[in-house]
1. Just to check your reading of the model, which residue among SER130, SER118, SER146, SER122 is without any contact (Cβ under 8 Å) to a residue 60 or more places away in the chain and within 12 Å of the chain's Cα centre (by Cα)?
2. Residues in the stretch 3-15 that are part of a helix (DSSP H, G or I), touching a helix residue (DSSP H, G or I) at 6+ places or on another chain (Cβ under 8 Å) and either among the small types (Gly, Ala, Ser) or open to solvent by 70 Å² or more (accessible area, probe 1.4 Å) (or both): how many?
3. For the stretch 46-79, how many residues are in contact with a Cys (Cβ under 6 Å, 6 or more places away or on another chain) and open to solvent by less than 20 Å² (accessible area, probe 1.4 Å)?
4. Consider the stretch 18-45. How many of its residues are part of a helix (DSSP H, G or I), surrounded by fewer than 16 Cβ atoms within 10 Å (Cβ to Cβ) and over 24 Å from the mean Cα position of the chain (by Cα)?
5. Please work out which one of (1) more than 18 Å from GLU16 (Cα to Cα); (2) in a loop (DSSP other than H, G, I, E, B) is the condition ASP48 fails and give its number.
Amino acid sequence: MIESVQARHRGAFNFEDHYDNLCALQDSAPLAAVKAHLAQGVLDLNGDRVRINDWQPIINTLRINKSLQFVAVRSYYQMPQEEDEKRAAILRRKLPSIRSKEITHRLVKALRECLCVSPCLSCIELQGLSLRDRDLQVLVKGILKSSTLRHLSLEFCRIGDQGLEVLCKGLKNSKYINSVNLSGCSLSHRGAECLAAVIKCTRDVCCPAPRAWLPLTSASCQELKAFFNARAFLAQVIPF
């Protein structure tokens, strides 16, 4: 069975009904975690607990949605450190589906499409996901199309300096984002300089400068050292 155009139109404003409908079409049970906070306009998922077959109705509902205000997908999975190569290989095969390149990319594409059509999505939080450059490029396209997104969090997504440079291309041209959480993103002084350039650019064109949450909450001493080393550079752009 194929969902009708009318069902898609109704589903854009009613996440729960459309999600239930897509689950029925693929003969799977809707997840209680998906529907837990929909009444408040919130989708907040622990992606580690979603099986690969359960992602399709979630992603297909999210991509057309026009009612959610807050979307968060989190992963807390930590790769075990095993000296035994055979055991390590077995553990890698048990990775949560959210850690796969395919699911992560499909999720980010759905977020891009949602940002393009949503009149109310104001906050996106992606935590602990393995975001690659191509994922960030897709996300940036959605950021540039959105006039409602105010906060973006990529906490512990480990995007690194190179990923931040991709992200900054979107932040530089966005007039609406006012805060970004980059805690635990493996940034160095190079990333701080890139972010400072974005803040300076937005100030120069009289747009609200985004507030960046640099990795002050990270347990990495190296990140903290890089942050404080970059502080002198940032002080040239923003008075502390």
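The values are calculated or read from the model by the stated rules, or taken from the named source; none is laboratory data. In this text, all values refer to a predicted model and were calculated from it rather than measured experimentally. Cβ sites come from the backbone with ideal geometry, for glycine too, and all protein chains shown count toward neighbours. Calculation scope for accessible area: heavy atoms of the full protein, side chains included, ligands and nucleic acids excluded. Shrake-Rupley method; radii C 1.70, N 1.55, O 1.52, S 1.80 Å.
1. Details: SER118 fails: within 12 Å of the chain's Cα centre (by Cα); SER146 fails: within 12 Å of the chain's Cα centre (by Cα); SER122 fails: within 12 Å of the chain's Cα centre (by Cα).
Selected residue: SER130, the only one of SER130, SER118, SER146, SER122 that is without any contact (Cβ under 8 Å) to a residue 60 or more places away in the chain and within 12 Å of the chain's Cα centre (by Cα).
2. At the first step, the residues of the stretch 3-15 found to be part of a helix (DSSP H, G or I) are 5-11, 15.
Checking the rest, the ones that are also touching a helix residue (DSSP H, G or I) at 6+ places or on another chain (Cβ under 8 Å) come to 7-8, 10-11, 15.
Narrowing the set further to residues that are either among the small types (Gly, Ala, Ser) or open to solvent by 70 Å² or more (accessible area, probe 1.4 Å) (or both) leaves 7-8, 10-11.
Count: 4.
3. 3
4. Number of matching residues: 2.
5. (2)
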